[in-house]
Amino acid sequence: MSKLKTILVFILFFVFLTNVFAMESEEKPALSECMTCTPFKKERFGVIETPHVKVVLHFNQYYLGREVIAVKIDEKDTDKGLTHYPDMEYVDENCPLISQEVRDVLYATNNGRRDWLKAAGYNVPELFNVLIGNNLAFGKEQQPGKEPNPHAHLHSFMRYKAPITIAYQENGEDAVDIQLLDPKQDLPKGFKALRFVDTEFGRIFVDTSVGFLLDKQSSQQEYDQLPEAEKEGLVITNPRNRKLPPAIMMWAADEIAKYSAPYIKEKGYNFVTRKNAASKK
């Protein structure tokens, strides 16, 4: 009987320790559970990283070049019990230097994306939209029973009047010879095209990745009126779920990093690009 008691005590103690560790993990979520805390070198579509900012291409490219600009916590602030900054309001009020770094990186990648398009013959984008939102941190991204885990970040969207075309060739399942097609040139023989048309330019911007598009009816009407030849390969902004082939995503990330780097260097920040980070794995 004493052996049975010993076993029962051991089992109860083991259950107690398991519950304690589970409670601690819920109170302090592991960094791996946070989308924006993923190490930059593991980001397939990373653009560029500075000491306190990480820029990646959003997986949903319904606007070409859509970025997520995540804020990385300073080491001195981890002593305050934080794993990361909860929102941009906190950063602006408590970390003015980091807040400025976020803006410098945002403007650098804005200029980089402009230069990227201009180098191919485009005179776009005319403007950018910036969205500050933590909504998904409180919604479906969280596992059942987990506490919300918000993380300070921005979304940045290019807006453009004229269509933008990516030309590429297929090699099996891979996309190769990827390039921005000069708007004055025809699609080269043997190439395929992805055409990005901002059907909502000049209208109210709403990020409706998982919601209702205010201006969907008029935008759809404009799309329906396009000649059939122009609809081929067209990427319109109404279906808010556009995932590009990984090779094209990585190409776009590297191009934006290349053109953005001089502006970040000009501000005096140390930085690394996706290619450099990947080579250090």
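Just checking, which of 165, 208 is of a type in the set (S, T, N, Q), on the phi < 0 side of the Ramachandran plot, at pLDDT 75 or above and open to solvent by less than 50 Å² (accessible area, probe 1.4 Å)? Result of the check over 165, 208: 165. Can you name the residue in region 88-122 that is among the acidic types (Asp, Glu) and out of contact with any helix residue (DSSP H, G or I) (no Cβ under 9 Å at 6 or more places or on another chain) and is also least open to solvent (accessible area, probe 1.4 Å) among such residues? The qualifying residue least open to solvent (accessible area, probe 1.4 Å) is 101.
Selection over region 260-281 of residues that are closer than 11 Å to residue 48 by Cα, crowded, with 16+ Cβ neighbours inside 10 Å and under 18 Å from the mean Cα position of the chain (by Cα) gives a count of 7. Taken as a whole, the condition of being of a type outside the set (Phe, Trp, Tyr) and either part of a loop (DSSP other than H, G, I, E, B) or farther than 27 Å from residue 268 by Cβ (or both) applies to residue 121. Within region 59-80, restricting attention to residues that are open to solvent by 10 Å² or more (accessible area, probe 1.4 Å) and in a loop (DSSP other than H, G, I, E, B), the residue that is nearest to residue 39 (Cα to Cα) is 72.
Residue by residue, here is whether (1) at pLDDT 95 or above; (2) not in a loop (DSSP other than H, G, I, E, B) holds:
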site: 41; (1), (2): no, yes
site: 49; (1), (2): yes, yes
site: 82; (1), (2): no, no
site: 86; (1), (2): no, no
site: 105; (1), (2): yes, yes
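Restricting attention to region 147-162 and to residues that are in contact with a helix residue (DSSP H, G or I) (Cβ under 7 Å, 6 or more places away or on another chain) and open to solvent by 40 Å² or more (accessible area, probe 1.4 Å), the residue that is farthest from residue 202 (Cα to Cα) turns out to be 147.
The values are calculated or read from the model by the stated rules, or taken from the named source; none is laboratory data. Values in this document were obtained by computation on a predicted structure and should not be read as measured data. Glycine also receives a Cβ, built like all others from the backbone with ideal geometry; neighbour counts cover every protein chain displayed. We work out accessible area using only protein heavy atoms, side chains counted, and drop any ligands, DNA or RNA first. Shrake-Rupley method; radii C 1.70, N 1.55, O 1.52, S 1.80 Å.
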